[in-house]
Number of protein chains: 2
Amino acid sequence: MAETIADVGEFGLIERIRDGLPPAAPGVAVGLGDDAAVLDLPGPVVASVDTVVAGRHFKPEWATAEDVGHRAAAAGMADIAAMGGRCRALLVALTAPADTEVAWVTGLLQGIADEAGEVAAGVAGGDVVRGDTLTVSITALGTAERPVLRSGAEPGDIIAIAGRQGWAAAGLTVLSRGFRSPRALVHAYQRPAPPYDSGPAAARSGATAMIDISDGLLADVGHLARSSGVLADLDSSLIPVADQLSETSSAFNVDPLMWVLAGGDDHSLVATFPPGSALPSMFTMIGRVGESVGNGPGVAVDGRQWSGQGGGHDHFR
Amino acid sequence: MAETIADVGEFGLIERIRDGLPPAAPGVAVGLGDDAAVLDLPGPVVASVDTVVAGRHFKPEWATAEDVGHRAAAAGMADIAAMGGRCRALLVALTAPADTEVAWVTGLLQGIADEAGEVAAGVAGGDVVRGDTLTVSITALGTAERPVLRSGAEPGDIIAIAGRQGWAAAGLTVLSRGFRSPRALVHAYQRPAPPYDSGPAAARSGATAMIDISDGLLADVGHLARSSGVLADLDSSLIPVADQLSETSSAFNVDPLMWVLAGGDDHSLVATFPPGSALPSMFTMIGRVGESVGNGPGVAVDGRQWSGQGGGHDHFR
């Protein structure tokens, strides 16, 4: 029988977790094992929390424990990047049934620590409690020399995207239809690869607003536009559709642009830059900020304002 | 019918939450509504996360939504105090069934914000997701000029306590037996009152180690002692037993010292100070640090080492 949390107890589990983690990251002065972590975070601190729930945000049959760790950590770390920040430390709050296998938990933490390692961040602390539903809340903490908010976009600004977009949605479609390939798309769903360095690069290049795409490109650019009081006018001919998406879409009878426009979970970054800006190399222009007119602030594609249906999701409806 | 989260949706709920929160606290430069909060946290940052689960950490019939908010916030804020720090900001990760009443959620946030207000901290961000079990994870963030760890106690040091201890356990006993009074004890269980100022005061007075009492006095002092590699020798004649506890204990046929020694959830603070220290006014001496001998590091009461049974709890056994 595989060893469960009930077998080793809370403190035993914490010991296993601690033993499996890499040595402390540069930003972590005091890590696991005290009342709180002590962090070295010079300058403005940026902080975000994201929760994933088993059966809703991940299906155990579609994602290993390591995958879940990567995805959960990436969600929080992308939020830090979207502020123009660098993630330094993560806190992990795990709620788990007593019959959860210890190996699942250590796998989860391995995935989290590996994802954090992408930017030399570390797991600095956490909490483990018993509950009926496996739930992982990750707090991401970092620093941003010049925080970039959602609210700074101005008419005339360039809208640009960095990172893969639509891949996770395509991977989810593939899995939902019972397939395991194309492997690259499935992997993109299981382990998103947010363009972490693009966030600080955008901030240095004068980005006026930025957001990470977690609910869908249209939905999240809509959030940015409404925060800024502008119309974000996307040009579908400029929006990159990767060859992998086009090739797979025909087999699944899907318009690949829908994956790109409505798909979340890739944690690509969309930023706005003053007109005439030299974009950081990872960014591709996809549209232009316009004045909010008629229907109010929001997002348009090829001049037609999007109504808010079908391009994102609200977890409670 | 009372309005539920399903009625207003995720974004509607977040709007209600935002509308109900007080204006931003001094440490919160950017609060709810962006990808991440931006915080002004000069000096070493201390960070902790605590989770409470409905049915396990609170019973809805014993605690209002506001009470749950106070308790959950206090747990994290006490961790910051136990590092010698001051809490500046909280992040709230809420997992809730779609049929949760909006009023319950806004009550929860009210309780959290009120508790944060005790130290002029603010709710800076959060996440709301759907899940079968009401679960609240709170990340507490603060600063500590001189972080005080669990591991610095030295033989000869004075062991001292600040804050109410045993009250929450007594209140839980009262509720468990179907009573609603003494009100002061029930209230102590519903809304602990950690001695937040005592943490930084202890740090300024040269505290060598500190911990907050959340799992039980013996259990948590045991953690401090093992981290420090010492024997914490408590003197039962010095341990304060409040009159309210003594008076109530006879009616419930309980030894009030057991509430004090085994009770958690008050989030009192235990600190060690070099011999001869003038203790901060809120601290009362309860014992002395000795060399670890024979049975190894741990906690003793009146010279008899405690075995680790019956004085704390492990959530998974």
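Key figures
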| quantity | calculated |
| --- | --- |
| Of the criteria (1) touching a strand residue (DSSP E or B) at 6+ places or on another chain (Cβ under 7 Å); (2) at pLDDT 95 or above, which one A:P274 fails | (1) |
| Whichever residue in segment B:44-62 is buried (at least 22 other Cβ atoms within 10 Å of the Cβ) and under 24 Å from A:L134 (Cα atoms) and, among such residues, is nearest to the chain's Cα centre (by Cα) | B:D50 |
| Exclusive hit being on the phi > 0 side of the Ramachandran plot, among the small types (G, A, S) and within 13 Å of the chain's Cα centre (by Cα), set A:G229, A:G178, A:G216 | A:G216 |
| Residue within segment A:6-15 that is part of a helix (DSSP H, G or I), farther than 25 Å from B:V28 by Cα and either more than 10 Å from every other protein chain (Cβ to nearest Cβ) or of a type in the set (K, R) (or both) present | yes |
| Lone unmet requirement of (1) farther than 17 Å from B:A81 by Cα; (2) within 14 Å of chain A (Cβ to nearest Cβ); (3) assigned to a loop (DSSP other than H, G, I, E, B); (4) of a type outside the set (A, V, I, L, M) for B:G222 | (3) |
| Test for B:T95: is it surrounded by 24 or more Cβ atoms within 10 Å (Cβ to Cβ) and touching a Gly at 6+ places or on another chain (Cβ under 6 Å) | yes |
| Within segment B:119-173, tally of residues that are under 20 Å from the mean Cα position of the chain (by Cα) and either among the hydroxyl-bearing types (S, T, Y) or over 21 Å from B:A93 (Cα atoms) (or both) | 25 |
| Residue selected from segment B:155-174 under the condition part of a strand (DSSP E or B) and not β-branched (V, I, T), by the criterion farthest from B:E291 (Cα to Cα) | B:A162 |
| Considering residues of segment B:157-173 that are in contact with a strand residue (DSSP E or B) (Cβ under 8 Å, 6 or more places away or on another chain) and more than 13 Å from B:A207 (Cα to Cα) only, the residue nearest to the other protein chains (Cβ to nearest Cβ) | B:G163 |
| Some residue of segment A:186-194 being more than 14 Å from chain B (Cβ to nearest Cβ) and at positive phi | no |
| Condition broken by B:A63, with the remaining ones in (1) under 21 Å from A:D35 (Cβ atoms); (2) among the small types (G, A, S); (3) more than 14 Å from chain A (Cβ to nearest Cβ) satisfied | (1) |
| Selected residue (only one of B:V260, B:V254 is among the aliphatic types (A, V, I, L, M), assigned to a loop (DSSP other than H, G, I, E, B) and in the same structural domain as B:D235 (by TED's automatic domain parsing)) | B:V254 |
| In segment B:125-147, the residues that are more than 7 Å from chain A (Cβ to nearest Cβ) and assigned to a strand (DSSP E or B) | B:V128, B:V136, B:I138, B:A140, B:G142, B:T143 |
| Criterion: at pLDDT 95 or above, surrounded by fewer than 24 Cβ atoms within 10 Å (Cβ to Cβ), assigned to a helix (DSSP H, G or I) and outside the structural domain of A:G199 (by TED's automatic domain parsing) - qualifying residue of A:D114, A:D79 | A:D114 |
| Conditions (1) more than 24 Å from B:R204 (Cα to Cα); (2) in contact with a helix residue (DSSP H, G or I) (Cβ under 8 Å, 6 or more places away or on another chain): number failed by B:D235 | (2) |
| Residues of segment B:87-105 that turn out to be within 20 Å of A:A72 (Cα to Cα) and in contact with a Phe, Trp or Tyr (Cβ under 9 Å, 6 or more places away or on another chain), as a count | 1 |
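The values are calculated or read from the model by the stated rules, or taken from the named source; none is laboratory data. Since we're looking at a predicted model, the values are computed, not measured. Every residue, glycine as well, gets a Cβ built from its backbone with ideal geometry; the counts of neighbours run over all protein chains shown.
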